[in-house]
Amino acid sequence: LCGDLEKQVPFPFSLLCLQVIKCKAAVLWEANKPFSIEEVEVAPPKEHEVRVKIMATGICRSDDHVITGALVMPFPIILGHEAAGVVESVGQGVTSVKPGDKVIPLFVPQCGECKSCLNTRGNLCIKTDLGQSAGFMSDGTTRFTCKGKAVHHFLGTSTFTEYTVVHESAVAKIDSAAPLEKVCLIGCGFSTGYGAALQTAKVEPGSTCAVFGLGGVGLSVVMGCKAAGASRIIAVDINSNKFAKAKELGATDCINPKDFQKPIHEVLLEMTGGGVDYSFEVIGRTDTMTAALACCQCNYGVSVIVGVPPAAQHITFDPMLLFTGRNWKGSVFGGWKSKDAVPKLVADYMNKKFVLDPLITHTLPWTKINEGFDLLRTGK
């Protein structure tokens, strides 16, 4: 009906077809408290915005960083940024998706116009929801209300809700046959880790790699290193229960820092005869970031920070680590240009170029989201 109306009457009249949706969402009212399942109102999409019915969403450590205060965001807020869904409606001017399309929201958008989007080496779009305007859509307002209060967005996605609104630059249309409960991981965890190895570090065939942290993102780094042809992939974690899956996905060695008396970077230097070619910190701790840097080969080693750095913490390190030639890099969303890369990654998954099932440990109804975060925090 809306489509027929638009052909016959001016667009403002057809906006009558778009209504506020009342649905359930997991609202975080304050830090260090559990989520509260609430009824929220989700406003219609404005110009160049898209309203999406969320079908599957993953739990990521970055969400937990907001709960603990390690990543500072305004409250109340609807978290979640790793998801897949179906377009419910679109605002004026939207051309890249239409109602009924399967999509993945993009916490790193791709506007196609800013310096990062236009640079072949960049992917951190200026529209990314970080900084002073965090928690709002591009017009400085929110599309969520609960109990009469405005509720903030998270990273421009907010997927812990039955319906969300995102900017058109922050959503990618994907294969209509893709299983949303699997490919939702391409919205963050898998792409972030896999790309850190392939896009950011550009791991070379025959090289040696060390991966600190074996959560979903760390395991995806292992997969990326294997896909790149690394001959040795050393997985590092204080939870030895994660080693079996790491080896299943490509790790050749697994070590637990608790098993050694000396610093872990010294262990790795000895194991590799002078350091690894590439190292990845996939935890978000300053001590492991410096350890990952120190375990690299002193002249040409590359270390990549993948884990979100904690707020209000700084790193103190010996500058000689860099002076000798090591390269220290950061990686957001694996270095991928999101709107371009996500549909291709989904296609690669459909063509069986990589697997996602081993990264999924539990499937829960989303109303049990607090139980899901308990599983995350206990390393399960």
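The values are calculated or read from the model by the stated rules, or taken from the named source; none is laboratory data. This one's a predicted model, so the numbers in the text were calculated from it and none came from an experiment. Cβ coordinates were reconstructed from backbone atoms using ideal geometry, including for glycine residues, and neighbour counts include every protein chain displayed. SASA here: full protein model, heavy atoms, side chains in, ligands and nucleic acids out. Shrake-Rupley method; radii C 1.70, N 1.55, O 1.52, S 1.80 Å.
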### All positions within the stretch 277-297 that are closer than 24 Å to Gly229 by Cα and among the acidic types (Asp, Glu)
Asp277, Glu281
### Query
What residue, among those in the stretch 214-251 that are in contact with a helix residue (DSSP H, G or I) (Cβ under 9 Å, 6 or more places away or on another chain) and hydroxyl-bearing (Ser, Thr, Tyr), is surrounded by the most Cβ atoms within 10 Å (Cβ to Cβ)?
Ser220
### Summary
Among Val332, Val306, Val355, the single one that is of a type outside the set (S, T, N, Q) and touching a strand residue (DSSP E or B) at 6+ places or on another chain (Cβ under 8 Å) is Val306
#### Entry: Selection count, the stretch 64-96, where residues are surrounded by 18 or more Cβ atoms within 10 Å (Cβ to Cβ) and touching a strand residue (DSSP E or B) at 6+ places or on another chain (Cβ under 9 Å)
19
### Task
Determine which single condition Ala201 fails, assuming it passes every other condition in (1) at pLDDT below 95; (2) buried (at least 24 other Cβ atoms within 10 Å of the Cβ); (3) of a type in the set (A, V, I, L, M, F, W, C).
(1)
### Message
Can you say whether Asp318 is open to solvent by 60 Å² or more (accessible area, probe 1.4 Å) and either over 25 Å from Cys117 (Cα atoms) or in a strand (DSSP E or B) (or both), as far as the supplied structure shows?
### Response
yes
### Query
Based on what the data block shows, is Lys353 open to solvent by 60 Å² or more (accessible area, probe 1.4 Å), farther than 24 Å from Pro105 by Cβ and not in a helix (DSSP H, G or I)?
no
#### Entry: Failed item in (1) open to solvent by less than 10 Å² (accessible area, probe 1.4 Å); (2) more than 25 Å from Val332 (Cβ to Cβ), with Glu281 passing the rest
(2)
### Message
Scan the stretch 293-302 and tell me whether some residue there is modelled with pLDDT under 95, surrounded by 12 or more Cβ atoms within 10 Å (Cβ to Cβ) and of a type in the set (Phe, Trp, Tyr).
### Response
no
### Query
Failed condition for Ile186, given (1) farther than 28 Å from Gly135 by Cβ; (2) part of a helix (DSSP H, G or I), with all others met?
(1)
### Summary
Selection from the stretch 116-141 of residues on the phi < 0 side of the Ramachandran plot and either open to solvent by less than 30 Å² (accessible area, probe 1.4 Å) or in contact with a helix residue (DSSP H, G or I) (Cβ under 6 Å, 6 or more places away or on another chain) (or both) yields Cys117, Gly122, Asn123, Leu124, Cys125, Lys127, Thr128, Asp129, Ala134, Met137
### Summary
Per the filter on the stretch 356-374, residues in a helix (DSSP H, G or I) and free of Cβ contacts under 8 Å to residues at least 60 places away in the same chain are Lys368, Glu371, Asp374
### Query
Restricted to the stretch 321-340, and to residues that are among the basic types (Lys, Arg) and open to solvent by 40 Å² or more (accessible area, probe 1.4 Å), which residue is farthest from Gly274 (Cα to Cα)?
Lys339
### Cβ pairs under 7 Å, 6+ apart, first in the stretch 213-238 and without any contact (Cβ under 8 Å) to a residue 60 or more places away in the chain, second open to solvent by less than 10 Å² (accessible area, probe 1.4 Å) and among the hydroxyl-bearing types (Ser, Thr, Tyr)
Ala230/Ser207; Ser231/Ser207
### Query
Of all residues in the stretch 47-59 being of a type in the set (A, V, I, L, M, F, W, C) and surrounded by fewer than 24 Cβ atoms within 10 Å (Cβ to Cβ), which is modelled with the lowest pLDDT?
Ile59
